[in-house]
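Enquirer: Structure in structure tokens, see below.
Read-outs throughout are calculated quantities, based only on the coordinates presented, and are distinct from any laboratory measurement. For clarity, every value in this text was computed on a predicted model and none was experimentally measured. Quick reminder, even Gly has a Cβ in these numbers, built from the backbone with ideal geometry, and neighbours come from all protein chains shown.
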Amino acid sequence: MLRSAAGAVVALFLGLAAAEAAGAGTIAPHRALYDLSLASSRASGGVVGVQGRMSFEWGDACDGWTVNQRYRMRLSQAQEDEVEIVSSLASWESKDGTRYRFVMKKQRGDEPEEELRGSARLNPQSRAGRATFTRPEDAVIELPRGTMFPSAHTIEVIRRAEAREQFFTRRVFDGSEVEGPVDVSAFVGSARPAAAGRATDRGLTDSRGWRVRLAFFAASGRKPLPDYEISLMLHDNGVSSDMLIDYGDFTVRARLKEVEPLRGGGC
């Protein structure tokens, strides 16, 4: 969230053609709403309260996946005034994982709104490519071999979980930073069998899932510790429930309030 933490959640997601073929048939387009609160805080961090809400939509546009994500979070700080952080992400990603378009807007308190806008393309074989930004200014960055885009990454996490692979690392680009992609290390816990979810979840949390922990590192590899980590229950239909987002000094809980299916693209 301070970076693209929901995009992170979301920001979570990957994309090889093989992964898309293996997992795309199970993905449930959906709209989810989460309540945000403070789970824990270190005394040195200064954050004493968190209030907010996050919405996340994962849609099927026939030729690609669409993501619309927005969160509004108010931080209460011991030694400073409250600050409100607002972020939104709208993106489209081709189902073969080679093309990506994005618009990210971020604002912290009274600071001017920051907008990042652009597109990216990967070679189908090498998964290397480049991203072109048109905002905040024109820029082109190279994407190294093996780069993945967000929605494809979630599908890859599910595929690896189904194969009982517990740990892997991939490089993911979501457009939330001009600096380029990040390295995402995933640890997949044991499967939780399908069980009846809440009636208000429309059956979307009834499926089996896995407790997944994602650690996000700068691709430079100079820092031994991640910038932040996300722990969540990821269901085999792509729905995420009850997340913990760990920024080091404090941890935010994103509790699933409601989720509903979205209509597909009529493909």
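Enquirer: For residue 83 and residue 218 in the same chain, what is the full-extension length gain: residue separation times 0.36 nm, less their Cα-Cα distance, in nm?
Expert: Length difference between fully extended and current span is 46.0 nm.
Enquirer: Residue 137 versus residue 255, label points 7 Å from Cα toward the beta carbon: distance in nm?
Expert: For the pair residue 137/residue 255, the computed spacing is 4.5 nm.
Enquirer: Let me ask something else. Residue 177 to residue 123: extension gain in nm, 0.36 nm per residue of separation minus the Cα-Cα distance?
Expert: 17.3 nm
Enquirer: Roughly speaking, what % of Cα-Cα pairs in the chain are separated by over 31 Å, rounded to a whole number?
Expert: 20
Enquirer: Would you mind calculating the gained length between residue 191 and residue 62 on full extension (0.36 nm times residue separation, minus the Cα-Cα distance), in nm to one decimal?
Expert: Taking 0.36 nm per residue and subtracting the Cα distance, the gain is 43.5 nm.
Enquirer: Something else about it: Quickly work out the residue 202-to-residue 163 label distance, labels modelled 7 Å from Cα along the C-beta direction, and quote it in nm with one decimal.
Expert: Between residue 163 and residue 202, the label points sit 3.2 nm apart.
Enquirer: How many angstrom lie between the Cα centre of the stretch 209-245 and the Cα centre of the stretch 101-153?
Expert: 20
Enquirer: Find out how many positive minus negative residues lie around residue 49, taking Lys and Arg as positive, Asp and Glu as negative, among other residues whose Cβ is under 13 Å from that of residue 49.
Expert: Computed value for this residue: -2.
Enquirer: Going 7 Å from the Cα of residue 42 in the Cα-to-Cβ direction, what parts of the stretch 59-82 have a backbone nitrogen less than 19 Å from that spot?
Expert: Answer for this model: 76-80.
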